[in-house]
Amino acid sequence: MSVFKELLTAERIDLDREATDWRDGIRAAGALLEKTHSIESSYTEAMIASVEENGPYIVVAPGFAFAHARPSAAVHETAMSWVRLASPVNFGHEKNDPVDLIVALAAKDATAHNQAMAALAKALGKYRKDLNEAQSPEEIQAILEKAAAPATKKAATSPSAAVKTPTQTKTYDKILTVCGNGLGTSLFLKNTLEQVFDVWGWGPYMTVEATDTISAKGKAKEADLIMTSGEIARTLGDVGIPVHVINDFTSTDEIDAALRELYDI
């Protein structure tokens, strides 16, 4: 079954929408979910409040914001909406502003949307130009489905072939990806990070866990390092392990470079 067939229906996609500011953009994305009775309006306001409280951490790639809030009774079904803006808006992110694409996620739990999140991360990393130029909701869906198709396994090639298998010298072989809620941007980063590990051949040896800021402080003692946004890194403060800021959560190149530095490869 199509991973996006129910999650991101055509009626939840709005192309070239006008928005006065970032709040208006999130409200537009929330309105699409409200219209299909996926959420109540209080969830839309919770998505806005999350940015007001934590900063623009949802701007996880240049021009892209992934709006979400914690699961609550205001979410009736797990669903996504897609708003491509006619004119970009600023969220206040020092690296990734201005934003012209807002995807909103409403999740009833932390697992139902994992497959779609992986496909979305891949699509934005590989097919962003196609997504920007798509002329209809159906074109958007087709591009996302292409990203969701199983990848053909390839033998590792240089420089990936030169990456050494993790050894017992590291303590836990575990990385935490962290966001305010533990089920949106942290899952996004987790999926891209796992793509890199799969290319390296480290997948069987490493654990990547997406979590929220509160839980991360307790879980840090059982992890090697944390990857997150600049805003969340400032919220976390000193947790006793390295905290590495990733600017583009869709960039396997940026994450590859960060891992090589952190693991001294």
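The values are calculated or read from the model by the stated rules, or taken from the named source; none is laboratory data. None of the values given here were measured: they were computed from a predicted structure. Backbone-built Cβ (ideal geometry, glycine too); neighbour counts: all protein chains shown.
Quick notes
- Residues being closer than 20 Å to residue 58 by Cα and either of a type outside the set (Ser, Thr, Tyr) or surrounded by fewer than 20 Cβ atoms within 10 Å (Cβ to Cβ) (or both) - total across segment 218-234: 7
Per-residue answers, yes or no, for (1) surrounded by fewer than 24 Cβ atoms within 10 Å (Cβ to Cβ); (2) within 18 Å of the chain's Cα centre (by Cα):
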residue: 5; (1), (2): yes, no
residue: 10; (1), (2): yes, no
residue: 17; (1), (2): yes, no
residue: 27; (1), (2): yes, no
residue: 33; (1), (2): no, no
residue: 41; (1), (2): yes, no
residue: 47; (1), (2): no, yes
residue: 51; (1), (2): yes, yes
residue: 60; (1), (2): no, yes
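- Those helices (runs of 4 or more DSSP H) lying entirely in segment 165-265 with at least 3 residues touching a Leu at 6+ places or on another chain (Cβ under 9 Å) and more than 18 Å from residue 121 (Cβ to Cβ): 213-219
- Residues of segment 124-149 that turn out to be touching a Gly at 6+ places or on another chain (Cβ under 9 Å) and at pLDDT 90 or above, as a count: 2
Residue-by-condition table, conditions (1) in contact with a Ser or Thr (Cβ under 8 Å, 6 or more places away or on another chain); (2) of a type in the set (D, E, K, R):
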| position | (1), (2) |
| --- | --- |
| 76 | yes, no |
| 84 | no, yes |
| 95 | no, yes |
| 117 | no, no |
| 123 | no, no |
| 131 | no, no |
| 138 | no, yes |
| 147 | no, no |
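- Applying the criterion of being of a type in the set (Asp, Glu) and over 21 Å from the mean Cα position of the chain (by Cα) to the residues of segment 251-265, the residue that is surrounded by the fewest Cβ atoms within 10 Å (Cβ to Cβ) is 264.
- Filter result for residue 31 (touching a strand residue (DSSP E or B) at 6+ places or on another chain (Cβ under 9 Å) and in a strand (DSSP E or B)): no
- For segment 85-109, filtering for residues that are surrounded by 18 or more Cβ atoms within 10 Å (Cβ to Cβ) and either closer than 19 Å to residue 19 by Cα or touching a Gly at 6+ places or on another chain (Cβ under 7 Å) (or both) leaves 12.
- The listed residue being of a type in the set (A, V, I, L, M, F, W, C), at pLDDT below 90 and within 21 Å of residue 26 (Cβ to Cβ), out of 79, 121, 112: 121
- For segment 162-174, the criterion of a residue being under 25 Å from residue 88 (Cβ atoms) and either modelled with pLDDT of 85 or more or not charged (D, E, K, R) (or both) is satisfied by no position.
- Residue in segment 40-50 that is in contact with a Leu (Cβ under 6 Å, 6 or more places away or on another chain), without any contact (Cβ under 8 Å) to a residue 40 or more places away in the chain and not assigned by TED's automatic domain parsing to the domain that holds residue 245 present: no
- Criterion violated by residue 204 - all others in (1) surrounded by fewer than 16 Cβ atoms within 10 Å (Cβ to Cβ); (2) closer than 24 Å to residue 115 by Cβ; (3) touching a residue at least 24 places away in the same chain (Cβ under 8 Å) satisfied: (3)
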